[in-house]
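Only one structure is covered here, and it is reproduced in the block below.
The values are calculated or read from the model by the stated rules, or taken from the named source; none is laboratory data. Values in this document were obtained by computation on a predicted structure and should not be read as measured data. Heads up, the Cβs are rebuilt from the backbone with ideal geometry, glycines too, and the neighbour counts pull from every protein chain shown.
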């Protein structure tokens with residue numbers, strides 16, 4: 001084989017390898033986009049979470065139809081995302097599904113799914129920035145206590161995004177950089193640490209405006225937060 005033929009062969013191999021890589025990247029991008037006509041376990045989880053949070057009132061059937069599209073668009077508008085009705089990378093992350101859902105892997109009562117650590121850390125940072133570390137862990141524990149409680153959604157994302165549950169979701173604090181301590185606190189809470197003593201509510205008495213929250217039985221005070229049953 002001549003040098004020219006060898007060079008041509010190498011060029012063909014390179015072109016083939018690049019094409020394979022581009023196809024794989026396109027398939028990966030497509031796999032991360034759920035839109036009208038999509039179906040499967042991830043669509044089921046998208047519908048379930050949107051239903052838990054009050055954005056969706058259709059059937060949880062794993063089929064991405066017009067009602068699911070409308071619910072996703074509503075969720076996107078409410079969370080400052082591009083409202084195209086398609087669940088891509090950013091929307092999936094906001095839903096707590098950054099890697100989609102394998103069949104049977106969605107979190108159930110008391111369980112955790114991929115992305116829960118990041119979501120929990122973001123909430124802790126937004127709600128308890130500047131609080132003692134024990135208080136940060138306690139805020140994470142409240143979220144997990146709600147996951148296990150029958151009166152709340154049964155996923156971390158469902159609890160965090162439940163309408164009117166946490167002010168940080170609507171005042172912009174949730175989108176700010178996450179403190180390093182919040183990740184450690186989230187992991188401790190996920191590992192079972194609960195300085196709140198089983199609380200399902202907490203509030204800052206200096207800023208609370210709800211008379212109802214003061215009626216909740218006090219369990220413990222940590223830093224600026226009262227943790228209640």
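Any residue that is surrounded by fewer than 20 Cβ atoms within 10 Å (Cβ to Cβ), more than 15 Å from the chain's Cα centre (by Cα) and either farther than 15 Å from residue 44 by Cβ or at pLDDT 65 or above (or both) - is there at least one of those in the range 85-103?
The answer is yes; a qualifying residue exists.
How many residues are outside any helix (DSSP H, G or I) and closer than 15 Å to residue 197 by Cα if we restrict to the range 129-149?
We begin by selecting, within the range 129-149, every residue outside any helix (DSSP H, G or I); these are 129-132, 149.
Now narrow it down to the ones that are closer than 15 Å to residue 197 by Cα: 149.
Selection size over the range 129-149: 1.
Is there a residue in the range 214-222 that is touching a helix residue (DSSP H, G or I) at 6+ places or on another chain (Cβ under 7 Å) and closer than 20 Å to residue 119 by Cα? Outline the logic, then answer.
Of the range 214-222, the ones touching a helix residue (DSSP H, G or I) at 6+ places or on another chain (Cβ under 7 Å) are 222.
Going one step further and asking which of them are closer than 20 Å to residue 119 by Cα, we end up with none.
Checking the range 214-222: not a single residue is touching a helix residue (DSSP H, G or I) at 6+ places or on another chain (Cβ under 7 Å) and closer than 20 Å to residue 119 by Cα.
So how many residues does the range 139-159 have that are in contact with a helix residue (DSSP H, G or I) (Cβ under 8 Å, 6 or more places away or on another chain) and either farther than 16 Å from residue 174 by Cβ or modelled with pLDDT under 95 (or both)? Steps first, please.
Restricting attention to the range 139-159, the residues satisfying the condition of being in contact with a helix residue (DSSP H, G or I) (Cβ under 8 Å, 6 or more places away or on another chain) are 139-141, 143-144, 146-147, 152-159.
Restricting the remaining residues to those that are either farther than 16 Å from residue 174 by Cβ or modelled with pLDDT under 95 (or both) gives 141, 144, 146-147, 152-159.
Qualifying residue count, the range 139-159: 12.
Hey, residue 181 hits all of (1) in contact (Cβ under 8 Å) with a residue 40 or more places away in the chain; (2) in a loop (DSSP other than H, G, I, E, B) but one; which does it fall short on?
If we test residue 181 against (1) in contact (Cβ under 8 Å) with a residue 40 or more places away in the chain; (2) in a loop (DSSP other than H, G, I, E, B), just (2) comes out false.
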